[in-house]
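Here the structure comes first, spelled out in structure tokens, and everything after it is commentary.
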Amino acid sequence: MQLLQAIRAFSDAMDRMHGGMKGDMEMNATDLATLRMLIMREQRGESVSPHDVARHLRISTASTTKLLDRLSASGHVERRPHPSDKRARVIVLTDESRATFYRHFGDRLHDMRGVADRYTDDELALLTRFLGELGEVLDPT
């Protein structure tokens, strides 16, 4: 029971953090989720298509177009030609959006890494597996 209470407290803390970021960055939850996705994919060296955004957020292509139009108009993302398929587009963060995101999230990310550093690789592997399985139960694909 204590574990489930800790998970709920963690979830509440994440909600409050994201709520503060939404307000500071004048974005809604879907906008912020898109930026988080782009940051994560960028860190892994993966390109992101509009279809990837739609699939990740589980929204229609029409809603994705409106979302990307809004993020583009506000200077957060750019649509660029795909590097190998000139018919396709990729979505990338603007330098300003990336800087703003890290300005709001960078200290927290640093502190989170500090917490992770307190655990062994084996403990982190167990926690990673646990959280992955928990995520699957909460949001099966």
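Some observations on this one:
- Of all residues in region 79-127 being β-branched (Val, Ile, Thr) and surrounded by 11 or more Cβ atoms within 10 Å (Cβ to Cβ), the one that is farthest from Thr64 (Cα to Cα): Thr100
- Test: residue in region 19-37 that is within 18 Å of Arg108 (Cβ to Cβ) and among the polar types (S, T, N, Q): no
- Members of region 90-118 that are assigned to a helix (DSSP H, G or I) and among the hydroxyl-bearing types (Ser, Thr, Tyr): Ser97, Thr100, Tyr102
- Residue check for Lys86: assigned to a helix (DSSP H, G or I) and out of contact with any His (no Cβ under 9 Å at 6 or more places or on another chain): no
- Single residue of Arg8, Arg55, Arg70, Arg36 found to be assigned to a helix (DSSP H, G or I) and surrounded by 16 or more Cβ atoms within 10 Å (Cβ to Cβ): Arg70
- Exactly one residue out of Gly75, Gly45 is part of a loop (DSSP other than H, G, I, E, B), touching a residue at least 12 places away in the same chain (Cβ under 8 Å), more than 24 Å from Pro140 (Cα to Cα) and out of contact with any Cys (no Cβ under 7 Å at 6 or more places or on another chain): that is Gly75.
Read-outs: derived from the displayed coordinates by stated rules, not from any lab. Bear in mind the structure is a predicted one, so any value in this text is a computation, not a measurement. Reconstructed Cβ throughout: ideal geometry from the backbone, glycine too, with neighbour counts over all protein chains shown.
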